[in-house]
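Here is the structure we will look at.
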Amino acid sequence: MKTEEVSLSKLRERTQKWFLTEGTMPKAERPYTQSSELFDLGAVLYQMMKGRPLPPAEDCDVCVQCYHLSTNEDIEEDDTGCPHYRVYEDVNVDIVLDDLSDYTDGLKKLVYALIRLHRKSDERASALLDRHWPSYVWWTE
């Protein structure tokens, strides 16, 4: 994916356009937000824990019309996934780490919080840190 430097006003304009157009905005024009960065951090931790990459946070790279991440609230009656060869394994971000016993609940909760984030989320890294810091302190003692 090509990167470019944009001014703060251009970033704000793209972010506002993203909120209005939702998933119809071309991927190359979508803003990279703090929530995007936090999601990417969660995706790295997920891959380290599960041994496979997390699917994209947004529409599928192949068919552009389906999503491979869901939550317990998102599960639909018709869960057929991509109409073509599966490139990604579908992931329910509410339960995907539950079977991992080698990791603390605190780490799993942090990764869950990170991979639930969406580009449109207004989650602040400082708020996330404040919520999960006690788990880190417990782990280090």
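The values are calculated or read from the model by the stated rules, or taken from the named source; none is laboratory data. Everything numeric in this text was worked out from a predicted model, so none of it was measured. Cβ coordinates were reconstructed from backbone atoms using ideal geometry, including for glycine residues, and neighbour counts include every protein chain displayed.
One residue stands out in region 90-108 among those that are charged (D, E, K, R) and over 13 Å from K50 (Cα atoms): the one that is surrounded by the fewest Cβ atoms within 10 Å (Cβ to Cβ), namely D105. Residue pairs whose Cβ atoms lie under 8 Å apart, sitting 6 or more positions apart in sequence or on different chains, and linking a residue in region 5-24 that is closer than 23 Å to P56 by Cα to a partner that is modelled with pLDDT of 75 or more and hydroxyl-bearing (S, T, Y), are T15/T33.
So in region 1-40, with the set limited to residues that are in contact with a helix residue (DSSP H, G or I) (Cβ under 6 Å, 6 or more places away or on another chain) and aliphatic (A, V, I, L, M), which one is modelled with the lowest pLDDT? Restricting to residues being in contact with a helix residue (DSSP H, G or I) (Cβ under 6 Å, 6 or more places away or on another chain) and aliphatic (A, V, I, L, M), the top hit is M25.
Looking at region 54-70, is at least one residue of a type in the set (A, V, I, L, M), modelled with pLDDT under 75, part of a loop (DSSP other than H, G, I, E, B) and surrounded by fewer than 12 Cβ atoms within 10 Å (Cβ to Cβ)? Yes: region 54-70 contains one or more residues that are of a type in the set (A, V, I, L, M), modelled with pLDDT under 75, part of a loop (DSSP other than H, G, I, E, B) and surrounded by fewer than 12 Cβ atoms within 10 Å (Cβ to Cβ).
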